[in-house]
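Shown next, in structure tokens, is the structure this report addresses.
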Amino acid sequence: MKRSLLLLSYIFLIVSVFAENKISTASFTIHPGDTMNVSIDISNDLPMIAFQFDLYLPEGIKIVKHFDNEENDTVFEASLTERKDASHLLSVTDMGNKIRFISYSMSNAFFKDGSSPSVVTLKLVADANIAQGKFPVFIKDALYTQGGKEATTIKLNDAVSYINAIYRYQIAVSAENGGTATGTGTYSYGDSVTVKATPQTGYSFLGWYENNNAVSSLVSYTFKADAIRSLTAKFSLNTYQIAVSAENGGTVTGAGTYNYGDSVAVKATPQAGYSFLGWYEGNNAVSSSVSYTFKADAIRSLTAKFSLNTYQIAVSAENGGT
């Protein structure tokens, strides 16, 4: 009891600072409005029955609180770890510029070694408007009480870790008619973001637009997340030039510019004394119909070929001549 009271009254016998004895907490990254579970570690080379430390948090970072029905009060979300004995208690006190943690046992029970040096876990929350940057977390005036016949207090060196507050940004992508787009998500500041546009058949990608301003002509557009962005992929319906021509012996119609999927009808009309041979593309026959109908899906150059009619003239003679 006397040894516990010594700790609670902050009357400590400081005997030594051991390199093996230390207090620490890991650095971590947090986003505005997020919570994070944090561990405070004490490595002790002597049996420990109690400890104390002061935690200094940067502006914009707080320990989460909740209402405790048993205590009928709002308390910090902080607890002892598996290293505690059932009789160990934890006191957490807001002292304005710092938060003081004290743990002790009225029966002077020992803390266990545990699977890790963690002695306290606490939940931190970042303000929604926290500044972006790297901020120090200090642990000061840390010590623990060694149990045994002669209780002594071991002072621990001050420790510092860092909270990296990073903004997150919503990147929204959408596609106008003619294709699809991917890449929507929430990204941390500095993350590499890749958005990708995929045109549908018959469409071409025009570019990525933001507030009607073109920002990239690349199908896959990569940038660093540093602001909320809303990107739109724009597409255009392909148009195709259909050229028609006629060799000697006739005329053709149907040439023009057509949208993808349009129905195209080309027609050949032979002149008197000629017959239609067929529609050709290059040297390949594509249709023998005078009226050839197809869907526009490529640039095409069609030629109507004709042949001069030939006629068989038969003559004969009756008796009396040739």
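The values are calculated or read from the model by the stated rules, or taken from the named source; none is laboratory data. Just so it is clear, the model here is predicted, and its values are computed rather than measured. Methodologically, a virtual Cβ is constructed for each residue, glycine included, from the backbone with ideal geometry; neighbour enumeration extends over all protein chains shown.
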Review point. Which residue pairs have Cβ atoms under 9 Å apart, sit 6 or more places apart or on different chains, and have a first residue in the range 60-74 that is at positive phi and a second that is exposed (fewer than 10 other Cβ atoms within 10 Å of the Cβ) and assigned to a loop (DSSP other than H, G, I, E, B)?
Key: G60/N129
Point to revise | Tally of residues being part of a loop (DSSP other than H, G, I, E, B), surrounded by 12 or more Cβ atoms within 10 Å (Cβ to Cβ) and among the hydrophobic types (A, V, I, L, M, F, W, C) across the range 110-151 | key: 5
Check your understanding: If Q52 satisfies every condition in (1) in a strand (DSSP E or B); (2) loosely packed, with under 15 Cβ neighbours inside 10 Å; (3) modelled with pLDDT of 95 or more but one, which is the exception?
Key -> (2)
Exercise for review: Please work out which one of (1) of a type in the set (G, A, S); (2) assigned to a loop (DSSP other than H, G, I, E, B); (3) under 30 Å from Y280 (Cβ atoms) is the condition S204 fails and give its number.
Suggested key: (2)
**Study point:** Odd one out for K234 among (1) basic (K, R); (2) over 30 Å from V264 (Cβ atoms); (3) modelled with pLDDT of 95 or more
**Key:** (2)
Study note, to complete from the structure: The condition from (1) of a type in the set (S, T, N, Q); (2) modelled with pLDDT under 95; (3) within 52 Å of the chain's Cα centre (by Cα) that N319 misses is numbered (3)
Point to revise | Residue match in the range 287-302 (condition: more than 28 Å from T201 (Cα to Cα) and either assigned to a strand (DSSP E or B) or in contact (Cβ under 8 Å) with a residue 24 or more places away in the chain (or both)) | key: no
